[in-house]
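First comes the structure, then the notes that go with it.
All of the numbers you see were taken from the coordinates with simple rules; none came from a lab. Source: prediction; values computed, not measured. Note that each Cβ is placed from the backbone with ideal geometry, even for glycine, and that neighbours are counted across all protein chains shown.
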Amino acid sequence: MVTIPDPTSGTARINLRQARVLCIDRNAQGLEILRQVLLGFGVARSFSAATQEEAKKILQKEEVDLVLIDAAFDDRGGTELLHWLRHSDLEPNRYAPVVLMAARPTQRAVCDARNEGANFLVAKPITPAILMQRILWVARGGRMFVLTDNYVGPDRRWKSTGVPDGGVGRRKEDLKGALGDAREENMSQAEIDSMIKPQRMSL
Amino acid sequence: MKPRVFKLVTALERQARQPGGVSVQQAIQRAEQNLVGLRDGSRELIDGHLVRLRALVLSRRPTPDELAQIRSLADEMLTYSAAAGLAGMGDVLDRLCGMTDALHESAYWSDGALEPVMDALKLARAEVVPPEAMGPLLQGLDRCIARFSGHAVTH
């Protein structure tokens with residue numbers, strides 16, 4: 001689980017004056033809500049699209065730095081557009097952070113969003129504080145990007161728990177050598193204590 | 001294509017770190033102030049959707065198409081609730097989505113199954129639920145969802 005710090009605490013600053021954000025939602029009021037929130041965040045330039053065609057035209061014509069997609073967009077789902085974007089040859093837009101927004105997403109919706117390359121899936125309602133948290137997270141960076149035939153998007157692995165039993169590690173840092181068998185029995189805590197006795201000391 | 005995993009520094013990362021800008025707290029406050037201007041319009045849209053919801057929620061089990069319409073209306077209302085300034089409305093709408101999902105997955109039906117969440121919506125819209133009562137109300141709705149989810153058909 002990823003813990004995102006509360007943005008309302010502390011003295012963090014953010015500069016989104018140059019950021020170009022594409023908002024995609026079939027709902028006019030939804031687009032206006034996003035536009036007003038982004039305006040409050042200091043985003044001077046935001047684009048709005050209500051259909052896949054509009055969104056594709058903008059993505060083909062303009063460079064965007066962040067994409068916000070309503071998952072229920074255009075009835076076919078925002079993930080379809082996300083798939084198209086990630087597998088397109090639109091540089092640098094295909095690498096842009098994408099945040100999907102969904103009403104009480106099911107586990108399948110979360111998996112779909114993740115597998116199509118979303119950076120985040122946020123549950124509605126989208127309050128300014130929640131959207132800012134996610135923007136701060138993607139703006140912090142540090143997430144690797146993966147390009148394969150089957151998957152294009154940010155690295156979906158959040159933690160490294162080692163190579164699965166019986167598997168072969170694919171990460172550079174995975175040890176390649178095989179571990180040998182233990183040479184002797186493991187020691188019990190009592191045996192360890194008998195060798196290294198904690199000493200009480202007073203100054 | 002040969003798989004590639006690489007460090008990516010996006011334009012957003014570079015821009016966000018530029019000097020100047022505003023404090024995060026100030027940015028959020030300004031965004032919240034901007035939403036005040038959309039409050040009345042969002043409430044009107046919610047009211048219109050409540051009427052349409054009421055027409056779809058009957059005493060019989062909703063058809064799959066009706067369930068999809070209820071889900072879609074709840075989804076849109078959740079969007080509007082971001083600017084409507086109605087305490088608890090988002091949480092209750094979230095439960096309405098949960099209830100439609102549970103019904104969609106379950107063959108189980110009990111007359112009036114959607115009434116508790118519809119009543120809760122009315123209360124949230126009228127802004128008559130004291131903050132301390134919202135928690136128990138939502139817990140009750142969660143129990144309704146769990147009851148139907150428990151009968152879910154595994155596909």
Short version: ³J(HN,Hα) in whole Hz for each residue of segment B:87-97, in order, from phi by Karplus 6.51 cos²θ - 1.76 cosθ + 1.60 (θ = phi - 60°), x for Gly and Pro, what are they?
-> 4, x, 4, x, 5, 5, 5, 4, 5, 4, 4
Cut-off under 5 Å, modelled amide H: who pairs with A:S48 long-range | A:C23
Under a point spin-label approximation (7 Å from Cα along Cα-to-Cβ), what is the B:E44-A:E63 distance to one decimal in nm?
-> 4.1 nm
The protein assembly as shown - share of DSSP beta bridges that are antiparallel (%, nearest 5) | 35 percent
Do any chymotrypsin sites (Phe, Trp or Tyr not before Pro) in segment B:87-154 lie in a DSSP loop with no more than 16 other beta carbon atoms within 10 Å, and if so, which?
-> B:Y108, B:W109
Relative frequency of Cα-Cα separations exceeding 20 Å in segment B:12-155, percent = 54 percent
Within chain A, helix-based [θ] at 222 nm, where runs of 4 or more DSSP H residues each add -39,500 (n - 2.57), nearest 500 = -9000 deg cm²/dmol
Using alpha carbons only, how many degrees (0 to 90, rounded to 10) separate the axis of helix B:24-36 from the longest principal axis of chain B?
-> 50 degrees
Share, in percent, of DSSP beta bridges within chain A that are antiparallel, nearest 5 | 15 percent
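Which FRET efficiency, nearest 0.05, do B:R14 and B:V36 yield, Cβ-Cβ r, R0 30 Å?
Once the sixth-power term is evaluated, E becomes 0.40.
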Counting only DSSP loop positions in segment B:1-84, the trypsin sites (Lys or Arg not before Pro) whose Cβ has at most 13 other Cβ atoms within 10 Å are B:R60
Taking only the alpha-carbon positions of the protein assembly as shown and ignoring solvent, what does the Debye formula give for the base-10 log of I(q)/I(0) at q = 0.06, 0.07, 0.12 Å⁻¹?
-> -0.30, -0.40, -0.95
In segment A:92-194, which chymotrypsin sites (Phe, Trp or Tyr not before Pro) fall in coil by DSSP and have 10 or fewer other Cβ atoms within 10 Å?
-> A:W158
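If r is the Cβ-Cβ distance from B:K2 to B:D65 and R0 is 45 Å, what FRET efficiency results, to the nearest 0.05?
Computed FRET efficiency for B:K2 and B:D65 comes out at 0.45.
For segment A:47-152, what percent of Cα pairs sit more than 22 Å apart?
Working: 1468 of 5565 pairs.
For segment A:47-152, the fraction of Cα-Cα distances above 22 Å is 26 percent.
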In Å, descending, principal axis extents of the Cα set of chain A = 73, 49, 31
